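*Asks:* Handing you a structure now.
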Amino acid sequence: MPSTAKGSTTKGSTTPGRAPQPPRLKVQNFFVSRDGVAAGEDQSLERPFGHVDPGPLVAWAGATASWPNRTEPGGTRGLDDHIVRDFTHNIGAEIMGSHKFSPYRGPWENEDWTGWWGDDPPFHTPVFVLTHHLRPSFSLGDTTFHFLDASPPEALRIAQQAADGSDVRLGGGVTTVLEFIEADLVDELHIAVAPHDIGSGLRLWDSPADLEDRYLHESVLSPSGMEHHFFWR
């Protein structure tokens, strides 16, 4: 199984007989339907995923023992839980597209909007939001949001500086992930495929084989019904 499923190498660590692994750009826990749809059309404040109900795509993660929003004991163990637990390991910064941060299009009418995540966002790192409409940086808890009008290579360079030797996560959405893949910047991907078809929406792929010209690829079927696909250089 690739290193994504085993856990990332910590900053500065080594494996006997191997050179230290350089920081990577990683896509983690990216949810898609069986027909490759990750988000719907007509995104709004009330519906961050557009017309798509994200419940069937994300339920596997919420059922795990390591789900960070769990309020009661219990939860599943095994592969799903390991993947959820590994999500924050050795991540020093995040890059996301503007529509993962906000449903608004065009220039900011005001700067009151601070994201869908409340006063304590789950990132706990610098987050770089790609947008043509800049605004000042701000912090919520230990997460600071910065706004960049930059190409994928330039955004990655800035995020890597902020990560200070740790990995950078590429959080989405679909268009942003595809742009960074096309620019040959993504080192690893974990795509969680739900056993449901959606039909229409923003599509990551027609088939996981679409990425096999760029990456090595393994898939593992979880007892939850999710099929976890791992891609690495």
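The values are calculated or read from the model by the stated rules, or taken from the named source; none is laboratory data. Keep in mind the model is a prediction, meaning the values are calculated, not measured. Positions of Cβ are generated from backbone atoms using ideal geometry, with glycine treated the same way; all protein chains shown enter the neighbour counts.
*Asks:* For residues that are farther than 18 Å from Gly225 by Cβ, exposed (fewer than 13 other Cβ atoms within 10 Å of the Cβ) and within 18 Å of the chain's Cα centre (by Cα), tally how many sit in region 33-86.
*Replies:* 2
*Asks:* Something else about it: For region 66-85, which positions are part of a loop (DSSP other than H, G, I, E, B) and either more than 15 Å from Thr125 (Cβ to Cβ) or of a type in the set (S, T, N, Q) (or both)? If you could, list the steps in order and put the result at the bottom.
*Replies:* Of all residues in region 66-85, those part of a loop (DSSP other than H, G, I, E, B) come to 66-75, 77-78.
Ser66, Trp67, Asn69, Arg70, Thr71, Glu72, Pro73, Gly74, Gly75, Arg77, Gly78 - these are the residues of region 66-85 that are part of a loop (DSSP other than H, G, I, E, B) and either more than 15 Å from Thr125 (Cβ to Cβ) or of a type in the set (S, T, N, Q) (or both).
*Asks:* Follow-up question, since we're still on this one. Please specify each residue of region 66-119 satisfying the condition of being β-branched (Val, Ile, Thr) and either touching a Gly at 6+ places or on another chain (Cβ under 7 Å) or over 23 Å from Ile158 (Cα atoms) (or both). Give the steps one after another, and end with the answer.
*Replies:* Narrowing region 66-119 to residues β-branched (Val, Ile, Thr): 71, 76, 83-84, 88, 91, 95, 114.
Within region 66-119, Thr71, Thr76, Ile83, Val84, Ile95 qualify.
*Asks:* Moving to a separate point now. Quick check on region 191-230: of everything there that is of a type in the set (Phe, Trp, Tyr) and part of a loop (DSSP other than H, G, I, E, B), which residue is nearest to His51 (Cα to Cα)?
*Replies:* First, the residues of region 191-230 that are of a type in the set (Phe, Trp, Tyr): 205, 215, 230.
In the following step, the residues that additionally are part of a loop (DSSP other than H, G, I, E, B) were identified as 205, 215.
On the way: Trp205: 19, Tyr215: 31 Å.
By that ranking, first place goes to Trp205.
*Asks:* Right, another one. Restricting attention to region 121-156, report how many residues are of a type in the set (D, E, K, R) and either within 18 Å of the chain's Cα centre (by Cα) or under 15 Å from Met96 (Cβ atoms) (or both). Write out each step before concluding.
*Replies:* So in region 121-156, the residues of a type in the set (D, E, K, R) come out as 135, 142, 149, 154.
After this cut, where a residue has to be either within 18 Å of the chain's Cα centre (by Cα) or under 15 Å from Met96 (Cβ atoms) (or both) as well, the list is 135, 149.
Total meeting the criteria: 2.
*Asks:* If His89 satisfies every condition in (1) free of Cβ contacts under 8 Å to residues at least 40 places away in the same chain; (2) in a loop (DSSP other than H, G, I, E, B) but one, which is the exception?
*Replies:* (1)
*Asks:* Name the strands (runs of 3 or more DSSP E) wholly inside region 119-172 in which the number of residues that are modelled with pLDDT of 95 or more and crowded, with 17+ Cβ neighbours inside 10 Å is 3 or more.
*Replies:* Result: 126-130, 143-148, 167-172.
*Asks:* Moving on to the next point. What pairs come up if the first residue lies in region 36-53 and is on the phi > 0 side of the Ramachandran plot, the second is surrounded by 13 or more Cβ atoms within 10 Å (Cβ to Cβ) and hydrophobic (A, V, I, L, M, F, W, C), and their beta carbons are under 9 Å apart, counting only those six or more places apart or on different chains?
*Replies:* Filtered contacts from region 36-53: Gly36/Val193; Gly36/Ile198; Gly36/Leu204; Gly36/Trp205; Gly50/Ala39; Gly50/Leu202.
*Asks:* I would also like to ask the following. Restricted to region 10-53, and to residues that are touching a strand residue (DSSP E or B) at 6+ places or on another chain (Cβ under 9 Å) and β-branched (Val, Ile, Thr), which residue is modelled with the lowest pLDDT?
*Replies:* We begin by selecting, within region 10-53, every residue touching a strand residue (DSSP E or B) at 6+ places or on another chain (Cβ under 9 Å); these are 11, 23-41, 48-50, 52.
Now narrow it down to the ones that are β-branched (Val, Ile, Thr): 27, 32, 37, 52.
On the way: Val27: 98, Val32: 97, Val37: 96, Val52: 91.
Of everything passing the filter in region 10-53, Val52 is modelled with the lowest pLDDT.
*Asks:* Given the structure, is Val27 touching a Leu at 6+ places or on another chain (Cβ under 7 Å) and closer than 21 Å to Arg203 by Cα?
*Replies:* Details: touching a Leu at 6+ places or on another chain (Cβ under 7 Å): yes; closer than 21 Å to Arg203 by Cα: yes.
Yes; evaluated as a whole, the condition is true for this residue.
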